[in-house]
Amino acid sequence: MAGTNKGKLRVGIVSANWGAIAHLPAWRLLDDVEVSAICTSRQETAEAAAKQFAVARPFWDFEAMCADPDIDVIDAGTNPNLREKIVTAALNAGKHVVNQLPFTSSLEAAERLGALQREKGVVGAAACSLVGLPHLALMKEMIDEGTIGEVFQVHCSWQMSFFLEIFPGFPYTWFGKSGLGVSVTRNHGSHMLHALRQVFGPIQSVVGQMQTQLKTWKLPSGEIMQVETDDTSHSLLRFASGAMGTLTTSWTAADCPGFHIDAFGSKGRLRLDALRYPSVGSAKLYAAKSDFAMEPTGKEVPVPERLCMVDGRVVAADPNDGSGGQRVSLGRLFDGFAQAVRDGGEPPASFARSLEVQRIIEALYASHRRKAWVDLTPGVDLG
């Protein structure tokens with residue numbers, strides 16, 4: 001089995017797209033990890049990427065990378081359909097795996113990967129940097145300590161303007177193509193649901209509606225592309241705790257207002273705000289106690305240094321580190337992953353948790369089709 005208690009964990013990154021390359025600065029925060037290989041679809045791009053990012057070994061065949069005995073961890077990028085093949089090959093070779101989000105393109109695929117990961121006895125996690133965000137960790141601590149009492153309402157929104165205007169060189173126009181396992185619900189929604197599940201516990205039932213509000217994209221070439229995936233999603237959530245919630249997201253939202261989680265409890269309120277993709281550079285957590293004021297009174301809560309530590313060191317935000325602001329959050333996530341490889345246990349955003357989130361995503365689509373609430377009891381048909 002890959003990964004021992006001696007020597008460095010050797011990571012191979014598959015795909016040189018932004019989502020995978022953004023992981024490099026985070027992996028490199030860990031003293032006991034080495035990014036030793038990188039794989040793209042062609043020899044020339046693999047060799048160029050290895051040179052650009054100072055990675056020793058280029059690959060242009062993911063199966064060869066997965067089979068290599070000198071690699072312990074596969075960090076899989078690209079679209080969900082291809083990733084399922086990459087992750088399957090990695091697990092069959094006994095590698096530990098970091099998978100991107102959306103986790104898979106279907107519940108059946110998620111169940112297959114989860115079962116294979118358990119069978120092989122390796123560690124698997126999703127690259128959900130929101131789960132590693134220090135402000136989210138502080139929010140969870142405060143809720144667990146009873147700071148706002150019993151949680152009554154949870155509202156989560158993520159509004160971005162990615163696709164209102166397609167700029168030259170934009171690499172993600174394939175997000176508008178059906179059959180690839182992507183959409184605003186699957187992409188943004190998966191990240192949001194991981195965060196909500198981490199802080200507020202299991203979700204019991206959902207109702208959802210999805211729309212494609214911007215039906216065509218004008219590409220820089222002048223071509224008009226028909227959009228085949230949803231770009232706006234609104235959902236209601238019932239948590240097992242009794243709290244009620246909402247989840248709203250779009251990637252065609254003008255003015256790009258960003259991300260927030262608002263939690264209202266019997267003793268107060270917590271609100272997490274962040275711009276763009278939530279990172280330590282823009283995130284702020286506010287807290288307020290219950291009183292008779294008729295306007296918000298929340299004050300910013302400073303994040304303690306201990307929640308900004310990766311591999312025993314405090315890491316500051318660096319907008320120029322190549323990670324898109326995600327280095328600290330991903331570093332915390334990868335630190336937990338590496339600890340699980342070394343010492344056992346479940347990592348943050350584990351495959352088991354990712355399967356749970358995938359079930360919620362599929363339940364939202366089932367609700368959209370049925371125009372009804374959908375229960376998430378295990379075994380319930382989500383077709």
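Quick notes
- Unique match (being of a type in the set (Asp, Glu), in a helix (DSSP H, G or I), under 21 Å from VAL35 (Cα atoms) and open to solvent by 10 Å² or more (accessible area, probe 1.4 Å)) among GLU63, GLU108, GLU119: GLU63
- Residue check for LEU101: in a helix (DSSP H, G or I) and surrounded by 16 or more Cβ atoms within 10 Å (Cβ to Cβ): no
- Residue in region 227-239 that is over 18 Å from the mean Cα position of the chain (by Cα) and over 30 Å from GLN204 (Cβ atoms) present: yes
- Condition met for LYS218 (more than 30 Å from SER266 (Cα to Cα) and of a type in the set (Lys, Arg)): yes
- Number of the exception - PRO25 against (1) within 22 Å of ALA89 (Cα to Cα); (2) open to solvent by 10 Å² or more (accessible area, probe 1.4 Å); (3) under 21 Å from the mean Cα position of the chain (by Cα): (1)
- Qualifying residue in region 245-259 (condition: under 17 Å from MET139 (Cβ atoms), aromatic (Phe, Trp, Tyr), crowded, with 20+ Cβ neighbours inside 10 Å and touching a residue at least 24 places away in the same chain (Cβ under 8 Å)): yes
- Between GLN159, GLN204, GLN153, GLN198, the distinction of being within 15 Å of the chain's Cα centre (by Cα) and farther than 19 Å from THR104 by Cα belongs to GLN198 only.
- Among the candidates ARG353, ARG276, ARG271, residue that is open to solvent by 40 Å² or more (accessible area, probe 1.4 Å), within 21 Å of PRO102 (Cβ to Cβ), touching a residue at least 24 places away in the same chain (Cβ under 8 Å) and touching a strand residue (DSSP E or B) at 6+ places or on another chain (Cβ under 7 Å): ARG276
- Some residue of region 316-324 being touching a Phe, Trp or Tyr at 6+ places or on another chain (Cβ under 9 Å) and either closer than 25 Å to VAL122 by Cα or assigned to a helix (DSSP H, G or I) (or both): no
- Pairs where the first residue, in region 159-177, is surrounded by fewer than 14 Cβ atoms within 10 Å (Cβ to Cβ) and the second is β-branched (Val, Ile, Thr), C-beta under 8 Å, 6+ apart: TRP174/VAL182
- Members of region 33-49 that are modelled with pLDDT under 95 and charged (D, E, K, R): ARG42, GLU44, GLU47
- Residue within region 365-381 that is in contact with a helix residue (DSSP H, G or I) (Cβ under 9 Å, 6 or more places away or on another chain), under 30 Å from MET309 (Cα atoms) and assigned to a helix (DSSP H, G or I) present: no
- Going through (1) more than 20 Å from ILE360 (Cα to Cα); (2) surrounded by fewer than 18 Cβ atoms within 10 Å (Cβ to Cβ); (3) modelled with pLDDT of 95 or more; (4) not small (Gly, Ala, Ser) one by one, GLN153 falls short only on (1).
- GLY114 vs. criteria on the phi > 0 side of the Ramachandran plot and at pLDDT 95 or above: no
- In summary, VAL184 fulfils each of the numbered conditions (1) open to solvent by 70 Å² or more (accessible area, probe 1.4 Å); (2) more than 19 Å from ALA263 (Cα to Cα) with the single exception of condition (1).
- Selected residue (criterion: modelled with the lowest pLDDT) from residues of region 291-317 that are under 22 Å from VAL154 (Cβ atoms) and open to solvent by 80 Å² or more (accessible area, probe 1.4 Å): ASP291
- Any chance ALA253 is among the small types (Gly, Ala, Ser) and closer than 22 Å to SER178 by Cβ: yes
- Of all residues in region 49-60 being part of a loop (DSSP other than H, G, I, E, B) and open to solvent by less than 70 Å² (accessible area, probe 1.4 Å), the one that is nearest to VAL122 (Cα to Cα): VAL55
- Every residue from region 199-235 that is surrounded by 20 or more Cβ atoms within 10 Å (Cβ to Cβ) and under 24 Å from ALA349 (Cα atoms): VAL199, PHE200, ILE203, VAL206, GLY208, SER233, SER235
- Scan region 9-22 for residues that are within 19 Å of TYR277 (Cβ to Cβ), modelled with pLDDT under 75 and either among the small types (Gly, Ala, Ser) or crowded, with 24+ Cβ neighbours inside 10 Å (or both) and the total you get is 2.
- Taking region 126-156 as the range and being assigned to a loop (DSSP other than H, G, I, E, B) and either charged (D, E, K, R) or free of Cβ contacts under 8 Å to residues at least 12 places away in the same chain (or both) as the test, the residues that pass are GLU145, GLU150.
- Test: residue in region 200-212 that is closer than 18 Å to ILE143 by Cα, at pLDDT 95 or above, touching a strand residue (DSSP E or B) at 6+ places or on another chain (Cβ under 6 Å) and in a strand (DSSP E or B): yes
The values are calculated or read from the model by the stated rules, or taken from the named source; none is laboratory data. The shown structure was predicted, so the numbers you read here are calculated from the model rather than taken from an experiment. Every residue, glycine as well, gets a Cβ built from its backbone with ideal geometry; the counts of neighbours run over all protein chains shown. In case anyone asks, the SASA skips ligands and DNA or RNA and just uses the protein heavy atoms, side chains included. Shrake-Rupley method; radii C 1.70, N 1.55, O 1.52, S 1.80 Å.
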